[in-house]
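Reading through the structure tokens given below for one structure.
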Amino acid sequence: MPLINIGNRNTAAPTPGAPVTPAPTSPNDAPIPTTPIEKLAPLPERELPKAQEIPVSNPVSAVTTQPEIEVKPIGTQQIVQQKQELNNLSNQISNIANTMPKTAPTPAPSVSINDIMDQAKQAVSPAEQVQVKAIQPVVSNNDAKDPAANLDEKLNRLNNLDSAQPTASNIEVKPLASLGDQVNSVPYVESGALTNKTYKLNDFLDEAMKQNASDVHISVGYRVMIRVNGELKTIESPLVTVEFVNEYVKDLLKGRVVDQSKIYEYDMTYSLNGRRFRINIFKETGSFAIAARVISETIPTVEQLDLPPLMKEFSKYPNGLVLVTGPTGSGKSTTIASIINLINLTDAKHIITLEDPVEYIFPKALSIVDQREFGQDFELWSNALRAILRQDPNIVLVGEMRDLETVEAALRIAETGHLVFATLHTNSASQTVDRIIDMFPAEKQEQVKVQLASVLQAVISQRLVKTLNNSRVAAMEILIGTSAVKNTIRESKGIQLDNIIQTGADLGMISMEKSLVKLVKEGKVASDVAKVIANRPTDFDILLSKS
């Protein structure tokens, strides 16, 4: 059978008598034959091109160009086969490129924090603080996503690494002149901040006294902070470590029979240079933390605290229950101490206090004041409160009515003809009455209402407000135990107590909102600050607009 040539490919001639397609005028215009093709000549074998070898210094891409392949017009089946060949060839080239090693720059040797510390110790004296400038890393977070990216930039960083090593020329030395110089600003805590000086707990407590701070806070991972006029300020000190705070706790517990490993929270008092601190040790995230309250050297008077003159009348009650309430840090202990010390200085009474811990130390005066501290002078509140009636007291101070048992004992002591002072964490007088009643089971609440109504003399609910001259002043809500108040409590109409307070101004009663408006009008407190403290902001606005 004769052969004909189509597109440089040898194929079989058509069957005799069959129509023949005219020859194309151009190879690109060749139509597809309509007659079947019996047999195709085998394609010549092709050798796959080898991938180009790329120098290690620039392994960005294993293959930069693909080989040129001549494609000529052929039949339909040949076109399909040739496309398949091209696809296979392209895949093989990609596979070769992917399997080639991509050599990343060798990372520079790491610089340990100990190396930096050693150089810092040689560069500065023990009284100075060292801050080491951060070294630009050779491999960044973006590099981890694409190791082959930004090779030139990483190579430059490698070449410049020597100049980034910490030396005496690029260690910044900052003198730590005194804690007092730094207390008015909140410094940014850098991760590279180091210090060679170790501060003792007494250093921070002494600094708090110098700055007239009310509290000191020591927590792992932070610098020591103090609260001045209600605002936290950072002392530019070393970052507190677990070792530091453990040593502080050990110093505080020295001489006390306490197992440090079993402490989760612990209250105590601590003395330093004649000043006393109320200390609370507690656990947070597995480590110890310390909160210290600075106790005033002397007990302030009612006048010094700028309290209403009515407060002096509370010291003259022969018996009953006087409650001072408010959130933590609102000055409850100071208010009660001023009233009790007034009794101590003016009358001969036997005063017994049960406190956790003892805060103010009352001076020796006309009265006998026996101050008992939980954990040191007694172990169980129930036993101490039960025994107190056998100790011939006139006046009893219960540091905090913290549970049902304590409330029951306080009511019982007041019922037996003693004057009882106590504190509670509530925000208003009406809330205080409800809280006491709700502590009891339902079957006892009617009896408690009668007990409470018979002994309640006064409720003082107070808050400390920041003044315009950056000090603090007490705003007070005062409820007097009048016959109307006692009837309201017995009849479970506690919601009416707020109205009784507003209409009892001639007896010395005052609402929190009216007390705040008074402070604003006297030019002591800003109106926006006072409104935040108010229990009922709408009432505050109305009273302020009318005054």
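Would you kindly calculate the translational diffusion coefficient of the stretch 309-510, applying Stokes-Einstein with the Kirkwood radius from alpha carbon pairs, for 20 °C and a viscosity of 1.002 mPa s, and quote it in µm² s⁻¹ without decimals? Calculated translational D: 124 µm²/s.
Residue exposure proxy: 463, 256, 490, 278, ordered by other Cβ atoms within 10 angstrom of their Cβ from fewest to most, comes out as 256, 490, 278, 463.
Take the Cα of residue 392, step 7 Å toward its Cβ, do the same at residue 545, and the gap between the two points is 6.2 nm. Express the Stokes-Einstein translational diffusion coefficient of the stretch 293-380 in µm² s⁻¹, to the nearest whole number, given a Kirkwood radius over alpha-carbon pairs, 25 °C and a viscosity of 0.890 mPa s. Answer from the Stokes-Einstein relation: 176 µm²/s. Ordered by the number of other Cβ atoms lying within 10 Å of each residue's own Cβ, fewest first, 317, 264, 222 fall into the sequence 264, 222, 317. Placing pseudo-labels 7 Å out from each Cα toward the beta carbon at residue 536 and residue 348 gives an inter-label distance of 4.8 nm.
Relative contact order of the stretch 364-489: 18 percent, from C-alpha pairs under 8 Å at least 6 residues apart in sequence.
Rounded to 0.05, the FRET efficiency of the residue 303 and residue 229 pair, given R0 = 35 Å and the Cβ-Cβ distance, is 0.95.
Evaluating 6.51 cos²θ - 1.76 cosθ + 1.60 at θ = phi - 60° for every residue in the stretch 510-515, the Karplus couplings come out as 7, 7, 4, 5, 5, 5 Hz, glycine and proline recorded as x. Under 5 Å from the amide H of residue 526 lie the amide H atoms of 468, each residue being 5 or more positions distant or on a separate chain, with H modelled from the backbone and absent for Pro and chain starts.
Residues 268, 439, ranked from the fewest to the most other C-beta atoms within 10 Å, line up as 439, 268. Taking a ≥ b ≥ c as the square roots of the eigenvalues of the alpha-carbon gyration tensor, the stretch 439-490 is classed prolate because a/c is 1.5 or more and a/b outweighs b/c. Between the beta carbons of residue 468 and residue 284, assuming R0 = 30 Å, the FRET efficiency works out to 0.25 to the nearest 0.05.
A short reminder: the numbers here are calculations on the coordinates, not readings from a lab. Only a predicted model underlies this, so the values are computations on that prediction, with no experimental measurement involved. Neighbour counts run over all protein chains shown; Cβ positions are idealised from the backbone, glycine included.
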